[in-house]
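So the structure is just underneath, and the comments pick up after that.
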Amino acid sequence: MTALWRTLALLSSVGAGYALSLVADVDGAESTAYYRYFVTALLGFGLYASTRGIDIAEFRDQLGTVLLAVTLGVLAKSVMIAGVVYLAFGEPWLMVLGIAVAQIDPLSVAAMRSKSKMSPSAKALLSAWASFDDPITVLLTVYFTALALHASNGAVVMSAGLAAFLWNLLWNLVLAGAAFLVWHGFLKVRARLAAKWHTVANVVMGVVVLAVAFFAVVMGLLLAIALIGLFFRPPLGRFVDAATQVALYTGCAAMGLVLVLEVRWLLIGLVLGTAAYLSQIVTAFALTTPRRWRGDRVRLALGQQNGLTAIILALLLEPDFPGAIAVIAVAIVVVNVLNAVCNGLWDHFRPPAWETSGSAAEQRPHRRAPDTRAEIVQRGTQSGSP
């Protein structure tokens, strides 16, 4: 499915949710505790799915660039997007929405990976970048939401908010560390069991992990869920992929249920989406100055996509910032349409440098030309065959 068709499918889900809201009484649903737990659970699962899909070997090869991308890169993109929407509309709360769309959607990157004309190393970089900037963006969104809601208290709130942010970060690391020790111990115990008990052991471990995930959702320790995805990888790939798609379209339908349409939100969303796409261009060019990325710089710069995480953050922000869903929904459409159009045009007019350069030809599998009759005869003579 292309980026354009994927966007149309997501819009259809939003439309279905909106149509349902017209015939059902859902006023005030976003203010209930059930709504917040539902959205947090969706977000936690999305983070787990994004890090679970990381190829650890590829990640090690791209470690330096990925660390810069998910720290300084995410911060730089957030500042640029927030600055543009604040200068355009002068409303501080819109800056939080800028942070929410700063990340690259790993599910969209994974879906488009086979069709992309990037080199294999650039694909690996963008995949790892997209997977790890999700939890960083979530943490920044939660932190700056607290600041925006209590902006009148100034530096006192910033200090208290930073302390809460660091404390939350510490508890995330503690929970992820404890989960890793449990998982490591489980692997040792299972290795000593007879094969007939492995299924029982897997079920027990699955229950333990679900309990950890439930605790993380209730306590808001979403980074821990993302970190757990790096090592807890039971052979449930197809189930996780299918559940992720269900979560994506469920999130879109939920957006439609609580969507409030206003022309003003449309304009803000257009600016927000354009700023998000341009911020990726600036950041990617800054991070890919080494010679190894020269042939892929433009395609990495045009790699911004939004999806599940931005959708769920919109759901999370709506109770505190009415209109967040409408603005971010428009921004997601703008970003994904720009991605489809810009990449399509670039691929049409500029063939990938790594395909044509001899130095990188090894990265691309190619078909050997058929042997001539003379070559066949020569090999037969050398091998002693008649």
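The values are calculated or read from the model by the stated rules, or taken from the named source; none is laboratory data. Just so it is clear, the model here is predicted, and its values are computed rather than measured. No Cβ is skipped: glycine too gets one built from the backbone with ideal geometry, and neighbour counts run over all protein chains shown.
One line per residue, one yes/no per condition, for (1) touching a residue at least 60 places away in the same chain (Cβ under 8 Å); (2) out of contact with any Pro (no Cβ under 9 Å at 6 or more places or on another chain); (3) of a type outside the set (V, I, T); (4) part of a loop (DSSP other than H, G, I, E, B):
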| residue | (1), (2), (3), (4) |
| --- | --- |
| V200 | no, yes, no, no |
| M205 | no, no, yes, no |
| L210 | no, yes, yes, no |
| F215 | no, yes, yes, no |
| V218 | yes, yes, no, no |
| I225 | yes, no, no, no |
inquiry  = For a quick check of your reading: which helices (runs of 4 or more DSSP H) sit entirely within segment 53-107 and have at least 1 residues that are closer than 23 Å to I312 by Cβ and small (G, A, S)?
reply    = 74-89, 93-100
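Listed here are the residues, each with its yes/no results for (1) farther than 26 Å from V23 by Cβ; (2) under 20 Å from the mean Cα position of the chain (by Cα).
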| position | (1), (2) |
| --- | --- |
| L257 | no, no |
| E262 | no, no |
| Q280 | yes, yes |
| A301 | yes, yes |
| P319 | no, no |
| I328 | no, yes |
| L345 | yes, no |
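The rows are residues; the columns are (1) of a type in the set (D, E, K, R); (2) under 17 Å from R264 (Cα atoms).
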position: A69; (1), (2): no, no
position: A76; (1), (2): no, no
position: G83; (1), (2): no, no
position: L87; (1), (2): no, yes
position: M95; (1), (2): no, yes
position: I99; (1), (2): no, no
position: A102; (1), (2): no, no
position: R113; (1), (2): yes, no
query = Which ones in segment 183-202 are of a type in the set (A, V, I, L, M) and surrounded by 10 or more Cβ atoms within 10 Å (Cβ to Cβ)?
reply = L187, V189, L193, V200, A201
ask   = Among the listed residues L223, L236, L230, L257, which satisfies the condition of being surrounded by 23 or more Cβ atoms within 10 Å (Cβ to Cβ), at pLDDT below 85 and either of a type in the set (A, V, I, L, M, F, W, C) or over 24 Å from P319 (Cα atoms) (or both)?
value = L223
inquiry  = Test of understanding: among I268, I311, which residue is under 15 Å from V335 (Cα atoms), in contact with a Cys (Cβ under 7 Å, 6 or more places away or on another chain) and part of a helix (DSSP H, G or I)?
reply    = I311
ask   = If you scan segment 260-278, which residues turn out to be surrounded by fewer than 20 Cβ atoms within 10 Å (Cβ to Cβ), of a type outside the set (A, V, I, L, M) and at pLDDT 95 or above?
value = T274
task = Among residues belonging to segment 9-35 that are more than 16 Å from V246 (Cβ to Cβ), modelled with pLDDT under 80 and surrounded by 13 or more Cβ atoms within 10 Å (Cβ to Cβ), point out the one that is nearest to the chain's Cα centre (by Cα).
result = E30
task = For segment 149-166, indicate whether the set of residues that are assigned to a helix (DSSP H, G or I), at pLDDT below 85, out of contact with any strand residue (DSSP E or B) (no Cβ under 7 Å at 6 or more places or on another chain) and under 17 Å from L227 (Cβ atoms) is non-empty.
result = yes
inquiry  = Just to be sure before I move on: is L302 in contact with a helix residue (DSSP H, G or I) (Cβ under 6 Å, 6 or more places away or on another chain) and in contact (Cβ under 8 Å) with a residue 40 or more places away in the chain in the structure I sent?
reply    = yes
ask   = Can you pull out the residues in segment 56-100 that are crowded, with 16+ Cβ neighbours inside 10 Å and basic (K, R)?
value = K77
R291, sole failed condition from (1) of a type outside the set (S, T, N, Q); (2) touching a residue at least 12 places away in the same chain (Cβ under 8 Å); (3) within 23 Å of V70 (Cβ to Cβ) = (2)
key: Selection count where residues are among the aliphatic types (A, V, I, L, M) and either without any contact (Cβ under 8 Å) to a residue 40 or more places away in the chain or assigned to a helix (DSSP H, G or I) (or both), scope segment 253-265   = 5
note = Given the conditions (1) more than 25 Å from the chain's Cα centre (by Cα); (2) aliphatic (A, V, I, L, M); (3) not in a loop (DSSP other than H, G, I, E, B), every one holds for L42 apart from (1)
remark   = Note on V327: of the conditions (1) of a type in the set (V, I, T); (2) closer than 14 Å to L10 by Cβ; (3) buried (at least 20 other Cβ atoms within 10 Å of the Cβ), unmet is (2)
task = Determine whether segment 48-55 contains at least one residue that is surrounded by fewer than 15 Cβ atoms within 10 Å (Cβ to Cβ) and within 20 Å of L227 (Cβ to Cβ).
result = yes
request  = Please list, ordered by first then second residue, the pairs with beta carbon atoms under 8 Å, 6 or more apart or interchain, first in segment 97-109 and in contact (Cβ under 8 Å) with a residue 12 or more places away in the chain, second surrounded by fewer than 24 Cβ atoms within 10 Å (Cβ to Cβ) and not in a helix (DSSP H, G or I).
outcome  = L97/F321; P106/G53
